[in-house]
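Asks: Here it is: the structure, laid out below.
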There are 2 protein chains.
Amino acid sequence: RRSHMTVSYTDPQVSMDLLRAVLQPSFNDDIMAVFRKYQKFFDKAAENVKENVGDDIQTDQLIKEACRNVLEHAKQLFPEAEVKRAGPEVTIKRSRPADEDYS
Amino acid sequence: RRSHMTVSYTDPQVSMDLLRAVLQPSFNDDIMAVFRKYQKFFDKAAENVKENVGDDIQTDQLIKEACRNVLEHAKQLFPEAEVKRAGPEVTIKRSRPADEDYS
């Protein structure tokens, strides 16, 4: 999507990612604290799965996968823009069927 | 990786994901609270980028992308198992080059 792929310190994404990398350890601590609140639910669920399905279940891997999925779904808190909203020259695309006519 | 793809309530991944879906709204609230702690840093960085690069920068999109990247990197808190560790019959694969010989 970017017009040039040269990495430079004035590249907006690079600048923001430098900050992201600096903050990541603090974020990770805070995010782990959040997950600890829910740990018991995942532990219980994984134990239930193990009881129902069998002893070859690796509960720690099930829990980690669930945690990764939580983070993946949390990205929806920060949705990518489908349509550019800024700028007066940009018309907002509506998802109206083409054959619909209000005239 | 799974031997059958039929979705059932005894499927370990499905069971865990049902719990994940139930907890997701609470997780999202807690994760948003974490991000609010760092909001000012991202705001500041995005403003700097806009000053340096130009007014066609959409700061809100830069910030959202950075937040999604935080979540992506946080997944490393819950790493996927490269090698099965459980079970005595599993030998741990070492990443030793094939031509390396200690004999």
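Asks: Work out how much length B:VAL14 to B:LYS40 would gain on full extension: take 0.36 nm times their residue separation and subtract the Cα-Cα distance, in nm to one decimal.
Replies: Extra length available between B:VAL14 and B:LYS40 comes to 5.6 nm.
Asks: Taking each residue in A:53-66, count the Cβ atoms of any other chain within 10 Å of its Cβ, then average. What number comes out?
Replies: 4
Asks: Could you tell me which GluC sites (Glu not before Pro) in the stretch A:49-85 are loop residues by DSSP with no more than 14 other beta carbons within 10 angstrom of their beta carbon?
Replies: Answer by residue number: A:GLU80, A:GLU82.
Asks: Cα-Cα over 32 Å: which of A:LYS64/B:LYS44; A:LYS75/B:LYS50; A:LYS40/B:LYS50; A:LYS37/B:LYS40?
Replies: Over 32 Å Cα-Cα: A:LYS64/B:LYS44; A:LYS40/B:LYS50.
Asks: B:LEU18 accessible area, nearest 10 Å², 1.4 Å probe?
Replies: Only protein atoms counted, so the area is about 90 Å².
Asks: 7 Å along Cα→Cβ for the label point: how many nanometres lie between A:GLU47 and each equivalent label in the other copies, listed shortest first?
Replies: Reported distances to equivalent positions: 5.0 nm.
Asks: Report the label-to-label distance for B:GLU47 and B:ALA81 in nanometres (one decimal), using points 7 Å from each Cα along the Cα→Cβ vector.
Replies: Once both label points are built, they end up 4.9 nm from each other.
Asks: So how exposed is A:ASP55, as accessible area in Å² (1.4 Å probe, rounded to 10)?
Replies: Answer for A:ASP55: close to 130 Å² accessible.
The values are calculated or read from the model by the stated rules, or taken from the named source; none is laboratory data. What you see is a predicted model, and the numbers here were worked out from it, not measured in a lab. Because the Cβ atoms are built from the backbone with ideal geometry, glycine has one as well, and the counts that use them run over all protein chains shown. Protein only, heavy atoms only, side chains kept; ligands, DNA and RNA dropped before computing areas. Shrake-Rupley method; radii C 1.70, N 1.55, O 1.52, S 1.80 Å.
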